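Asker: I am attaching a structure below and will ask some questions about it afterwards.
The values are calculated or read from the model by the stated rules, or taken from the named source; none is laboratory data. In this text, all values refer to a predicted model and were calculated from it rather than measured experimentally. Methodologically, a virtual Cβ is constructed for each residue, glycine included, from the backbone with ideal geometry; neighbour enumeration extends over all protein chains shown. Protein only, heavy atoms only, side chains kept; ligands, DNA and RNA dropped before computing areas. Shrake-Rupley method; radii C 1.70, N 1.55, O 1.52, S 1.80 Å.
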Amino acid sequence: MEVKKKLLIVDDEEDIVEMLRSFFEPRGYLTLCAGNGEMALRQAEREPDIILLDINMPDMDGMEVCRRIRNFVSCPILFLTARIEEADKVQGFAAGGDDYIVKPFSLVELEARVAAHLRREVRRRNEAKVRFSGDVCIDYSQRTVTIKGRELVLPKKEFEIVELLSQNPGQVFDKERIYERIWGYDGQGDSSTVAEHIRRIRAKFLNYTDRLCIETVWGCGYKWKR
C-alpha cells in the first residue's frame, strides 16, 4: 500500500484551508492544517512532505515561519501570497522557500506544482552517494556537508547548489543555469539570488576550512574546484 504524502496547509483564512484540504485529501494526500504561525511550527514537527505556507498572517508571518523551520525541515515550502514584489521574492527564497503561488490560483496548477516538487524530492533521496573533496565530505542521501568532522547547517537551496556543483567538478555553471536547475523554469526570483546563496555557502565553509571549494569564473559563472 502506498504511503500517503503529508501536506501541511498553513493559512489564517479558514475557508482557504478548508478548500485546499477538501481538494487534496480525495487525491490521496494526508493533510495537516494550521491557522497561524505557532500552530505551523507545531505541525512541522510531524515531518510533512511538502508545505503550503501563507505569507500574510498576523503575529508570525510565513517568512518568519519559514526561517524558523528551514534548518530542521528539508521538505519543499511553497509560499501562498496575494501579491508579490521582486524584493519579497528574493527575501522569500533567501528564507528557504522553494516556490510562490499567487492568489487567486488554479487548484489544478497548484496540484501540478506540488506533484513536481515531490517528484524532485524522490529523485534526490534516491541519490545515495558520498563525495570526499579534500577535507569536505558531502553525503547526498543524508543531505549533509561535513568539514573536518563538523557538520555545516545548510538550508535546502544552499545544499542543492553544493550538490549540483560538487557532482560536476570543474564544470562551469552560469547563474541563470544554476537558478533554472535549482528553482525551476517557473521560479519567481532571478539569478541575483544565486550569488547571495553562494556568498552564504562560502562564508560557512570558511568557518572550518580555508579551501575555496566554489570558484568564481569571471564573466562565466561558478564551478566546484577539483
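Asker: Residues that are surrounded by 17 or more Cβ atoms within 10 Å (Cβ to Cβ) and in contact with a Leu (Cβ under 8 Å, 6 or more places away or on another chain): find the helices (runs of 4 or more DSSP H) completely inside the range 146-226 holding 2 or more of those. Before you say what the answer is, go through the steps one by one.
Answerer: Values: elements: 156-166, 175-183, 192-206.
In the range 146-226, the matching helices (runs of 4 or more DSSP H) lie at 175-183, 192-206.
Asker: On to the next question. Give the residues of the range 157-181 that are under 16 Å from the mean Cα position of the chain (by Cα) and at pLDDT 90 or above, sorted by residue number.
Answerer: Just the residues of the range 157-181 that are under 16 Å from the mean Cα position of the chain (by Cα), to begin with: 157-164, 178-181.
Once the filter is applied, which keeps residues that are under 16 Å from the mean Cα position of the chain (by Cα) and at pLDDT 90 or above, the range 157-181 yields Lys157, Glu158, Phe159, Glu160, Ile161, Val162, Glu163, Leu164, Ile178, Tyr179.
Asker: Here's a follow-up. State the number of residues belonging to the range 1-26 that are among the basic types (Lys, Arg) and touching a helix residue (DSSP H, G or I) at 6+ places or on another chain (Cβ under 7 Å). Break it down stepwise before answering.
Answerer: Applying the first criterion (among the basic types (Lys, Arg)) to the range 1-26 yields 4-6, 21.
Now narrow it down to the ones that are touching a helix residue (DSSP H, G or I) at 6+ places or on another chain (Cβ under 7 Å): 5.
Here the count works out to 1.
Asker: Further, regarding this structure: Scan the range 143-153 for residues that are out of contact with any strand residue (DSSP E or B) (no Cβ under 6 Å at 6 or more places or on another chain) and either touching a residue at least 24 places away in the same chain (Cβ under 8 Å) or basic (Lys, Arg) (or both) and report the count. Steps first, please.
Answerer: So the first thing to find is which residues in the range 143-153 are out of contact with any strand residue (DSSP E or B) (no Cβ under 6 Å at 6 or more places or on another chain), and the list is 143, 148-150, 153.
Next cut, either touching a residue at least 24 places away in the same chain (Cβ under 8 Å) or basic (Lys, Arg) (or both) only: 143, 148, 150, 153.
Residues in the range 143-153 being out of contact with any strand residue (DSSP E or B) (no Cβ under 6 Å at 6 or more places or on another chain) and either touching a residue at least 24 places away in the same chain (Cβ under 8 Å) or basic (Lys, Arg) (or both): 4 in total.
Asker: Turning to a different aspect of this structure: In this structure, is Asp139 touching a strand residue (DSSP E or B) at 6+ places or on another chain (Cβ under 7 Å), acidic (Asp, Glu), open to solvent by 30 Å² or more (accessible area, probe 1.4 Å) and in contact (Cβ under 8 Å) with a residue 24 or more places away in the chain? Explain how you work it out, then say what you get.
Answerer: Values: touching a strand residue (DSSP E or B) at 6+ places or on another chain (Cβ under 7 Å): yes; acidic (Asp, Glu): yes; open to solvent by 30 Å² or more (accessible area, probe 1.4 Å): yes; in contact (Cβ under 8 Å) with a residue 24 or more places away in the chain: no.
So Asp139 fails the test.
Asker: Could you say which residue among Thr216, Thr193 is at pLDDT 90 or above and either in contact with a strand residue (DSSP E or B) (Cβ under 7 Å, 6 or more places away or on another chain) or β-branched (Val, Ile, Thr) (or both)?
Answerer: Working: Thr193 fails: at pLDDT 90 or above.
Within the list Thr216, Thr193, the selection yields Thr216.
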